[in-house]
Amino acid sequence: MTNEHDFNKVNLLVEALPYIKALTGKTVVVKYGGHSMETPEVKKAVILDLILLKYVGMNPVVVHGGGPEINSYMEKLGIEPQYHKGLRITSKEVMEIVQMVLIGKVSQELTSMINHYGGKAISISGKDGNTIIARKKLVEGVDLGYVGEVDKVNPELIESVIAAGYIPVISPVGVGLDGESYNINADSVAGEVAAALKAEKLIFLTDVEGIYEDPQNPSSIFTALQAQRARRLIESGAISKGMIPKVEACIKALEFGVNRTHIIDGRQPHTMLLEIFTDAGIGTMVVN
């Protein structure tokens, strides 16, 4: 006998149908990082969500971070992480660790998990095929070392991987015109990649529920936020610290034709599916 729980599941499937139809063949860029990468059950849920998106006809693209893993390796080597205004000061030695962890460990683990659970993924460093051309990030009075910002994204390799039926997993390491490797903020890379691919959606899986008008008041969360107002909240300090590059990446992506950008809580399983496939959604949508 069919019970209420079964009807609820059917209703969710019916609710998802128009979203599946609208997004079939469209690109969805997902920035994946933070604590959702450290919790095994949530990490598995994110991987399964990505595979589901691919199977229903979308083209998910993953840009990942890895700050905690980099810190862990630095501590093992007796190197104390140093920051300036949230940016990791990256010496030549630290840059080698960054590449080893992001490209050699985090990216490979995510790719292996996607393949293990029935998807198909390929790891891409921003250095592969000159996908991410970087320039040294200049901050007045401080030499950050090999910290870069995106000068240009060449989407050809990413598009080739998508066309071949794979999920690209992108490490936020770029190459400069000087031939040097640069450590780039993964949020910024996600925004630039979404813009270059003319993605339909850009989704940030974060460690908070969304954007708050007052960070001290959880009930002040925005379900939708216009880019112009988001800029004012950055200027006022209501949006601060690690949320700034996420919101700036949303604004940049919108300016270059990305249709929707979302900042959602990645600490709970399957929040990505709730955002994409349900009428209510979850987190904060940043729009023009």
>> Please list, in order along the range 201-217, the HN-Hα scalar couplings obtained from phi with the Karplus expression 6.51 cos²θ - 1.76 cosθ + 1.60 (θ = phi - 60°), rounded to whole Hz, x for Gly and Pro.
In response: 9, 10, 10, 9, 8, 10, 9, 9, 6, x, 9, 10, 5, 10, x, 8, 10
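Could you tell me which of rounded, prolate or oblate describes the range 26-287, using a ≥ b ≥ c as the square roots of the eigenvalues of the alpha-carbon gyration tensor, with rounded for a/c under 1.5 and, failing that, prolate when a/b is larger than b/c and oblate otherwise?
rounded
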>> What is the distance in Å between the Cα centroid of the range 103-145 and that of the range 161-228?
In response: 13 Å
> In what sequence, highest mean first, do 96-104, 209-217 appear when ranked by Cβ atoms within 10 angstrom?
Replying inline: 96-104, 209-217
> For the range 82-99, in order, what is each residue's ³J(HN,Hα) by Karplus, 6.51 cos²θ - 1.76 cosθ + 1.60 with θ = phi - 60°, in whole Hz (x at glycine and Pro)?
Replying inline: 10, 10, 9, 6, x, 9, 6, 5, 10, 6, 4, 5, 5, 4, 5, 5, 4, 5
> Hey, got the dipole for the chain? About the Cα centre, +1 on K and R Cβ, -1 on D and E Cβ, debye to the nearest 20?
Replying inline: 420 debye
> To the nearest 10 degrees, how steep is helix 227-236 against the longest Cα principal axis of the chain, on a 0 to 90 scale?
Replying inline: 50 degrees
>> Quick check: the angle from helix 243-255's long axis to the longest principal axis of the chain, C-alpha only, nearest 10 degrees?
In response: 70 degrees
> Which ³J(HN,Hα) values in Hz, rounded to whole numbers, follow from the phi angles of the range 31-42 under the Karplus curve 6.51 cos²θ - 1.76 cosθ + 1.60, where θ = phi - 60° and Gly and Pro get x?
Replying inline: 8, 10, x, x, 5, 5, 7, 9, 9, x, 5, 6
> Looking at the square roots a ≥ b ≥ c of the eigenvalues of the Cα gyration tensor of the range 190-281, which shape do they give, rounded for a/c under 1.5, prolate if a/b is larger than b/c, or oblate?
Replying inline: oblate
> Mind checking the angle between helix 67-76 and the chain's longest principal axis? C-alpha axes, 0 to 90 degrees, to the nearest 10.
Replying inline: 50 degrees
> What does the charge add up to near G165, with Lys and Arg as +1, Asp and Glu as -1, over the other residues with Cβ less than 12 Å from its Cβ?
Replying inline: +2
> By its C-alpha gyration tensor, with a ≥ b ≥ c as the square roots of the eigenvalues, how is the range 1-129 shaped: rounded for a/c under 1.5, else prolate for a/b larger than b/c, else oblate?
Replying inline: prolate
>> How many angstrom lie between the Cα centre of the range 254-288 and the Cα centre of the range 18-71?
In response: 12 Å
> Over the range 78-218, one equal point on each Cα, no solvent: what is log10 I(q)/I(0) by the Debye formula at q = 0.11 Å⁻¹?
Replying inline: -0.47
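The numbers here are math on the coordinates, done by the rules we state, and not lab data. Because the structure is predicted, anything quoted here is derived from the model rather than measured. Cβ: placed from backbone, ideal geometry, glycine included. Neighbour counts: every protein chain shown.
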